[in-house]
Amino acid sequence: MTEKKKIRYCTECKREAMKFIPSVVTIGEFGLYLCEKHFIEWFEHWVEKTIEEFHMFDRDGPVLVALSGGKDSMVLWYVLNKLGYKAEGFHLNLGIGETSEQAQQKVLELGQIIGKEPFIINITKEIGASIPDIAKIFLSPACSICGRIKRYFFNRIARLQGFKVVATGHNLDDEAGSLLFNLINWNEKYLIRKYPVLKEDTKLGLPRKVKPLTLMSEDRILLYAQLNNIPFSSEPCPLGQDAKLHIYKDILNRVEPRTKGVKRNFYLRFIRKYQRLFQSLAVEKQTTMQKCQICDEPSPSQVCLVCKIKLAVQDARQKEDKNDTHH
Ligand code: FES
Ligand code: ZN
Ligand code: ZN
């Protein structure tokens with residue numbers, strides 16, 4: 001016997017609620033069922049509330065949004081503009097073949113839709129080599145170098161263009177997953193810093209870092225992107241992603257259907273209450289930062305990582321040229 005599915009009606013307008021992605025339509029932890037229009041309103045309301053609760057930024061100051069081309073950062077750029085914030089986009093082309101070309105294309109498409117031109121930097125032009133080539137020269141995993149290079153350029157562009165705040169598209173699944181990972185491994189160093197706002201350092205010229213989508217789960221961000229026709233690239237990075245984080249995200253997503261809202265509560269309770277505990281327990285060892293002698297960016301050593309990479313790339317290229325002339 002086939003069981004008849006119960007029709008749900010929008011809590012706000014009593015029209016039939018959306019059916020196509022059940023886990024998203026029924027916003028379990030709030031006891032809500034929403035139609036398209038009211039889901040969009042609900043989403044935007046929560047983004048704004050998150051920005052306000054954690055004092056991320058206001059409507060006066062410009063915010064630089066770090067765009068990877070994926071759904072999270074693209075939704076963030078779109079929604080901040082819709083809510084009336086002065087949000088500009090910044091994209092770093094990593095030189096990872098087709099994947100990077102597609103990502104840049106999507107960023108430009110979204111820029112046209114919202115009438116803004118993003119800042120774009122091409123790593124291959126800037127450093128002299130792409131992420132895969134740099135990883136080969138350094139004989140180290142691409143992801144760890146890539147993360148540090150990204151951070152460098154976000155900071156640099158923010159400083160040079162006068163942005164005091166940089167926003168990234170980290171979502172609830174990312175944040176709750178990495179919280180679980182760091183708790184299980186008692187990574188105090190990370191738990192101290194696990195908060196949706198990282199304070200600016202005006203002396204060093206480092207911008208404030210914020211995560212306005214920190215309370216939005218991945219499936220809701222995807223639904224918002226689809227309902228608003230926001231272009232994004234769904235190609236995963238071919239150099240492999242953080243496999244460990246995926247395991248922890250998956251654990252929480254398995255528990256979620258049985259205990260609605262567990263992901264959100266787990267993360268939110270930590271940042272509202274227990275994060276302070278970690279901060280008071282551990283004395284953070286301050287690495288003394290200075291300015292890089294070559295590029296002036298903050299660095300723990302006299303020459304920063306990116307300038308070291310540039311020098312090593314030049315070196316490797318010279319050696320290649322010499323080998324070529326010998327043959
Ligand atoms: Fe940086 Fe894949 S996105 S290595
Ligand atoms: Zn409705
Ligand atoms: Zn430097």
Where does each of LYS106, LYS49, LYS273 land when they are ordered by accessible area, with a 1.4 Å probe and the largest first?
-> LYS273, LYS49, LYS106
Could you tell me what percent of the accessible area of the chain is made up of carbon and sulfur, with a 1.4 Å probe and every protein chain present?
-> 52 percent
Approximate spin-label separation VAL303-THR124, in nm, with each point projected 7 Å along Cα-to-Cβ = 2.5 nm
Kindly sort THR214, THR11, THR99, THR288 by accessible area of their heavy atoms, largest first, with the probe set to 1.4 Å.
-> THR288, THR11, THR99, THR214
Förster radius 25 Å - calculated FRET efficiency between GLN112 and LYS86 (Cβ-Cβ, nearest 0.05) | 0.85
Accessible surface ranking that places the most exposed of TRP42, TRP186 first, with a 1.4 angstrom probe | TRP186, TRP42
Non-local residues with an amide H under 5 Å from the amide H of LEU206, with H modelled 1.01 Å from N and Pro and chain starts lacking one, are ASP201
So, for the Cα atoms of the chain, Rg and Dmax in Å stand at 21.7, 79
Per residue value of the accessible surface for the chain (all protein chains in place, 1.4 Å probe), Å² | 57 Å²
Can you tell me the FRET efficiency between SER140 and LEU160 if r is taken as the Cβ-Cβ distance and R0 is 30 Å, rounded to the nearest 0.05?
-> 0.60
Got a number for the accessible area of HIS170? Probe 1.4 Å, square angstrom, nearest 10.
-> 70 Å²
Which whole-number percentage describes the relative contact order of the chain, with Cα contacts under 8 Å and a sequence gap of 6 or more?
-> 18 percent
By how many nm would the segment from ALA312 to HIS246 lengthen if fully extended, with 0.36 nm per residue of separation less the alpha-carbon distance?
-> 20.5 nm
Inter-label distance for LYS322 and GLU188, nm, one decimal - labels placed 7 Å from Cα along Cα-to-Cβ | 4.8 nm
Counting Lys and Arg as +1 and Asp and Glu as -1, what is the net charge of the other residues whose Cβ lies under 13 Å from the Cβ of VAL303?
-> +1
Probe 1.4 Å, all protein chains in place: accessible area of PHE270 in Å², nearest 10?
-> 10 Å²
Label model pair ARG254, ASP201: point-to-point distance (7 angstrom along the Cα→beta-carbon line) in nm is 4.0 nm
Decide, for region 122-219, between rounded, prolate and oblate: order the square roots of the alpha carbon gyration tensor eigenvalues as a ≥ b ≥ c, take rounded if a/c falls under 1.5, and otherwise choose prolate if a/b is larger than b/c, else oblate.
-> oblate
Applying the span-like rule to the chain (DSSP H, Cα extent along axis at least 20 Å, Kyte-Doolittle mean at least -0.5) gives 97-114, 142-161
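The values are calculated or read from the model by the stated rules, or taken from the named source; none is laboratory data. Worth saying up front: this structure is predicted, and the values here are computed from it rather than measured. Cβ coordinates were reconstructed from backbone atoms using ideal geometry, including for glycine residues, and neighbour counts include every protein chain displayed. Only protein heavy atoms, including side chains, enter the accessible area calculation; ligands, DNA and RNA are left aside. Shrake-Rupley method; radii C 1.70, N 1.55, O 1.52, S 1.80 Å.
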